[in-house]
Amino acid sequence: MNRDERWLLPEGVDEILPSKARAVEALRRRLLDLYTRWGYDLVFPPLIEFLESLLNGAGQDLERETYKVTDRLTGRLMGVRADITPQVARMDAHSLRQEGPVRLCYCSTALRTRPAVPGGTRAPYQVGVELFGHDGVDSDVEVISLMLATLNAADIHEMTLDVGHVGIYRALVAATGLTEVQEYALTDIYMRKARTELVEFVGNLNLEKAQADALLALPWLTGVEALERAKPLLAQVSEEALQALAQINEVIERVKALHPQLHVHVDLGELRGYRYHTGCIFAVYVEGHSEAVAKGGRYNRIGEVFGRARPATGFSADLKVLVNGLSVPATAAIYAPAVEDAQLDAKVAELRDAGYRVVRALSGCETTPQALGCDQQLVLEQGRWVLVPLSSS
């Protein structure tokens with residue numbers, strides 16, 4: 001690397017400069033205060049863990065996105081977290097070990113080997129909540145409502161909530177008796193929405209007509225009418241799938257009752273995070289973003305690998321994405337001259353203790369107060385240091 005390239009950052013790794021950093025930090029504080037008011041406790045998972053712990057349970061899907069290093073103390077492999085959710089699940093199951101519902105929130109940086117989307121970041125500033133110990137519509141509705149409140153706090157109000165339920169697909173796979181290999185192949189086809197390939201694949205399975213019809217229809221059961229269209233198809237194949245359908249319907253009705261203006265889109269064939277999600281999944285889309293700005297879902301049995309199979313649901317978002325639409329107000333400051341004066345020192349300390357931003361000039365520097373972002377300055381009048389607007393000085 002030549003001298004002119006030393007300042008370059010790796011692709012997908014970005015820095016946050018002062019104006020945006022102020023917006024990120026202000027939003028972080030608002031969100032953590034919001035989560036506290038909802039009863040969620042803040043946790044700080046470690047940046048790095050032993051790989052066996054980090055990639056257990058929900059973390060299995062993150063194996064290729066996790067940076068791995070060898071611990072020089074033990075010789076064991078360690079991983080830098082690519083997602084914070086598996087860590088919080090470990091904390092609930094192993095470190096806290098409380099009975100009943102546990103509500104946790106977090107906000108910290110993760111690191112991934114590749115961006116989630118082309119041109120995206122590999123170092124998201126992840127904020128989110130997890131609710132452990134309850135399996136039902138109540139906790140799904142609470143987490144979705146808190147996700148919407150999170151976006152409102154970021155001044156995002158026009159949004160679409162996309163809702164699905166992986167339990168429907170799981171029930172159909174169980175009812176049709178697919179092998180593990182067949183399930184893997186079918187899941188891949190579903191995620192690619194490959195219609196022609198799906199017709200050929202299902203045609204070779206030797207299924208009953210009702211089973212085949214349900215598998216062929218599920219990826220395209222989308223929109224508000226999807227729930228009604230799905231009922232007759234699922235009723236002939238799986239009672240468990242019908243129960244999952246009723247559950248997602250109740251979630252949508254209760255969320256809509258709380259947020260009447262919210263636009264809701266249904267996608268019963270959505271299998272995002274299929275390997276660890278077990279129930280209702282959800283994501284929020286806004287204009288100008290091709291990917292979801294927040295997403296989550298239910299992942300029961302999350303603590304099973306740690307000896308406690310706990311139901312859980314939660315969501316996460318990238319704080320750096322959420323602030324993109326926020327206006328960043330200028331930070332007003334007070335300019336104090338480079339003068340050795342005990343009274344000036346006392347006045348500066350008094351103003352800072354009161355919460356004001358005071359920038360002290362440095363001897364020998366010719367920077368103007370305006371260049372330092374100041375709109376007021378301290379001047380000596382009749383033996384007292386007083387505040388004067390710069391425009392009046």
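Here are the numbers:
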{"item": "Residue among Trp220, Ser53, Ala153 farthest towards the positive dipole end of the chain, charges placed on Cβ", "result": "Ser53"}
{"item": "J(HN,Hα) series, segment 188-201, from Karplus relation 6.51 cos²θ - 1.76 cosθ + 1.60, nearest Hz, glycine and proline x", "result": "4, 5, 4, 5, 8, 6, 8, 4, 4, 5, 5, 4, 5, 5"}
{"item": "Mean Cβ count within 10 Å, highest first, over the residues of peptides 134-140, 280-286", "result": "280-286, 134-140"}
{"item": "Cut-off 13 Å between beta-carbons: net charge of the residues surrounding Thr222, Lys and Arg +1, Asp and Glu -1", "result": "-3"}
{"item": "Inter-part distance where segment 320-357 and segment 180-203 are each reduced to a Cα centre, Å", "result": "60 Å"}
{"item": "Packing-based order for 151-157, 104-110, using average beta carbon neighbours within 10 Å, highest first", "result": "104-110, 151-157"}
{"item": "Semi-axes of the equivalent ellipsoid for the chain, Cα gyration tensor, largest first, Å", "result": "50, 24, 21"}
{"item": "Accessible-area ranking of Ile16, Ile84, largest first, probe 1.4 Å", "result": "Ile16, Ile84"}
{"item": "DSSP-defined antiparallel bridges as percent of all bridges, segment 247-393, nearest 5", "result": "70 percent"}
{"item": "Between 0 and 90°, nearest 10: helix 226-235 axis offset from the chain longest Cα axis", "result": "30 degrees"}
{"item": "For the chain: accessible area per residue (Å², 1.4 Å)", "result": "53 Å²"}
{"item": "Residue-level accessible surface for Arg97, protein heavy atoms, 1.4 Å, Å²", "result": "120 Å²"}
{"item": "Cβ-based charge dipole, the chain, positive-most Cα from Gly120, Val348, Thr196", "result": "Val348"}
{"item": "In segment 266-334, GluC sites (Glu not before Pro) in a DSSP loop with at most 11 other beta-carbon atoms within 10 Å", "result": "Glu287"}
{"item": "Long-range HN-HN contacts of Gln377 with modeled amide H, under 5 Å", "result": "Tyr335, Val388, Leu390"}
{"item": "Helix axis angle, 137-153 relative to the chain longest principal axis, alpha carbon, degrees", "result": "30 degrees"}
{"item": "Value of relative contact order over segment 58-112, rounded to a whole percent, pairs C-alpha under 8 Å and six or more apart", "result": "38 percent"}
{"item": "Rounded to whole Å, sorted largest first: equivalent-ellipsoid semi-axes of segment 44-149, Cα gyration tensor", "result": "26, 19, 11"}
{"item": "For a label point 7 Å along the Cα-to-beta-carbon line of Thr160, residues of segment 262-287 with backbone N under 20 Å", "result": "262-273, 281-287"}
{"item": "Mean Cβ count within 10 Å, highest first, over the residues of peptides 294-303, 348-357", "result": "294-303, 348-357"}
{"item": "Rounded percent of accessible protein surface that carbon and sulfur make up, the chain, 1.4 Å probe", "result": "50 percent"}
{"item": "Glu52, Glu142, reordered so the largest accessible area comes first (probe 1.4 Å)", "result": "Glu52, Glu142"}
{"item": "Lysine pair count for the chain [Cα-Cα under 18 Å; pairs on different chains or 8 or more apart]", "result": "4"}
{"item": "Order of exposure, largest accessible area first, which applies to Glu11, Glu49, Glu228 with probe 1.4 Å", "result": "Glu11, Glu228, Glu49"}
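The values are calculated or read from the model by the stated rules, or taken from the named source; none is laboratory data. The structure displayed is predicted, hence computed values, not measured ones. Note: ideal-geometry Cβ built from the backbone for every residue, glycine included; neighbour counts use all protein chains shown. Heads up: the accessible areas ignore ligands, DNA and RNA and are worked out on the full protein's heavy atoms, side chains in. Shrake-Rupley method; radii C 1.70, N 1.55, O 1.52, S 1.80 Å.
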